[in-house]
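The values are calculated or read from the model by the stated rules, or taken from the named source; none is laboratory data. Quick caveat: nothing in here was measured; it's all calculated off a predicted structure. Areas reflect the complete protein model, heavy atoms only, side chains present, ligands, DNA and RNA absent. Shrake-Rupley method; radii C 1.70, N 1.55, O 1.52, S 1.80 Å.
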Amino acid sequence: MGLPASGRIRSQQTFQSLRRPTGRARSGAVRAAFLAPDPVSPSPFPLVGYTIGRRCGSAVRRNRIRRRLRAAVTIASGELSPGSYLLGADPEVDGLSFPQLAAAVREAMTEAAQRGARSRS
């Protein structure tokens, strides 16, 4: 079966650490924050959390945005560096076609990881 392409952030400590990420990026209506993998217990794949604020609409709309982001991350996960990512979205993300959303997610996450790697060196 192999390893999963990406996983969920389960630790509250990781969410707290993502308040001060090593890399941030934005692509259109998608925001990404990156935190380098923990050297003590690194994950071989990216861990992803989602933050969709109330300004994006009702709970139904926010959950739809979260599901779409999750699907876009699954597509992009083969190109992502290991580490923790926090994805956020603006209300306009709901109007994007799926290919546009997937491209924006991939671009934001890749750029955030690159900025995070530069800040560590």
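Quick check: at a probe of 1.4 Å, how many percent of the accessible area of segment 12-108 sits on carbon and sulfur atoms?
52 percent
For the chain, give me the percentage of DSSP beta bridges that are antiparallel, rounded to the nearest 5 percent.
Antiparallel: roughly 60 percent of the beta bridges in the chain.
Between segment 24-84 and segment 85-112, how many Å separate their Cα centres?
9 Å
Per residue, what accessible area does the chain have, given a 1.4 Å probe and all protein chains present, in Å²?
58 Å²
Note the listed values (i) 52, 37, 33; (ii) 48, 42, 25; (iii) 39, 35, 25, then indicate which one is Cα extents along the principal axes in Å calculated from this particular structure.
Evaluating Cα extents along the principal axes in Å on these atoms matches (iii).
How long is the gain from ASP90 to ARG19 if the chain were fully straight, where each residue apart is worth 0.36 nm and the alpha carbon distance is subtracted?
The ASP90-ARG19 span can extend by a further 23.8 nm.
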